[in-house]
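A short write-up of the structure that comes next.
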Amino acid sequence: MTAEAVSLEMEPRSLPDWAFPPPGGFKAEDLDHIPDLPAHTELIDGSLVFVSPQRDFHTSMLFLLHSELRGAAPANYRVRREMSVTLGPDQRPEPDLIVIPSAVTQLNATYYHGRDVILAVEVMSPESRRRDRERKPVLYAEAEIPHFWRVEENDEKPVVYVYELDPATRTYVPTGIFHDRLKLTVPFDIDIDLTEIERI
């Protein structure tokens, strides 16, 4: 091996600036200014969280829920898919779906505020299991998002865990577990045939 080859092998690989977090971690507004940041990057507790390739279950479930929620939502609500939500100075997660009042929507928005979110939905992936079950519900509850759904897969079928905020404790209370049919009256009338995922 030549000296030139050895020198090339020992050179450090150049990494983007965002690979090195600033002292104290990143801030929510940083996500709009970091060049070449991978799509759907989240900020949890000041740390960047990158999304793994999604499985078909995740994609199909999002398609079903997005379509059904749009059809059920009253005229003064909008459903958004994979939009980040600023919850605090170093918290900017990206729920899979959110429901927001139409009055706050802006076509040039890159995020919405937690105070404007009516419903946050997370469709769990194997790599996000702990965040979706533990950290994100705490963050959403602390931001006083009134409704939260967590969707999991059981034997290739969806299971929807539904929670409602207890405003006195700012924590979520489970209000139901749904397998084949998701029927609710809050935040508005919803009736979703979850078995439709098999036909998407």
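The table below gives the values:
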item	result
Of the criteria (1) outside the structural domain of Leu194 (by TED's automatic domain parsing); (2) in a loop (DSSP other than H, G, I, E, B); (3) touching a residue at least 24 places away in the same chain (Cβ under 8 Å), which one Leu43 fails	(2)
Hits in region 47-57 (condition: in contact with a strand residue (DSSP E or B) (Cβ under 9 Å, 6 or more places away or on another chain) and part of a strand (DSSP E or B))	Leu48, Val49
Which numbered condition Arg170 misses (of (1) surrounded by fewer than 12 Cβ atoms within 10 Å (Cβ to Cβ); (2) touching a helix residue (DSSP H, G or I) at 6+ places or on another chain (Cβ under 8 Å); (3) on the phi > 0 side of the Ramachandran plot)	(1)
Residue among Val121, Val138 that alone is loosely packed, with under 14 Cβ neighbours inside 10 Å and either assigned to a strand (DSSP E or B) or among the hydrophobic types (A, V, I, L, M, F, W, C) (or both)	Val138
Hits in region 58-114 (condition: assigned to a loop (DSSP other than H, G, I, E, B) and crowded, with 16+ Cβ neighbours inside 10 Å)	Ala73, Met83, Leu87, Asp90, Pro93, Glu94, Pro95, Asp96
Total residues in region 26-40, condition part of a helix (DSSP H, G or I) and either without any contact (Cβ under 8 Å) to a residue 60 or more places away in the chain or among the hydrophobic types (A, V, I, L, M, F, W, C) (or both)	4
Val121 hydrophobic (A, V, I, L, M, F, W, C) and closer than 24 Å to Thr59 by Cα	yes
Residue list for region 28-45, filter: more than 16 Å from Pro95 (Cβ to Cβ) and either surrounded by 17 or more Cβ atoms within 10 Å (Cβ to Cβ) or among the aliphatic types (A, V, I, L, M) (or both)	Asp30, Ile34, Leu37
Members of region 148-188 that are outside any strand (DSSP E or B), among the hydrophobic types (A, V, I, L, M, F, W, C) and free of Cβ contacts under 8 Å to residues at least 60 places away in the same chain	Ala168, Val186
Residue check for Ile145: buried (at least 18 other Cβ atoms within 10 Å of the Cβ) and part of a loop (DSSP other than H, G, I, E, B)	yes
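The values are calculated or read from the model by the stated rules, or taken from the named source; none is laboratory data. This one's a predicted model, so the numbers in the text were calculated from it and none came from an experiment. Virtual Cβ from ideal backbone geometry, glycine too; neighbours counted across all protein chains shown.
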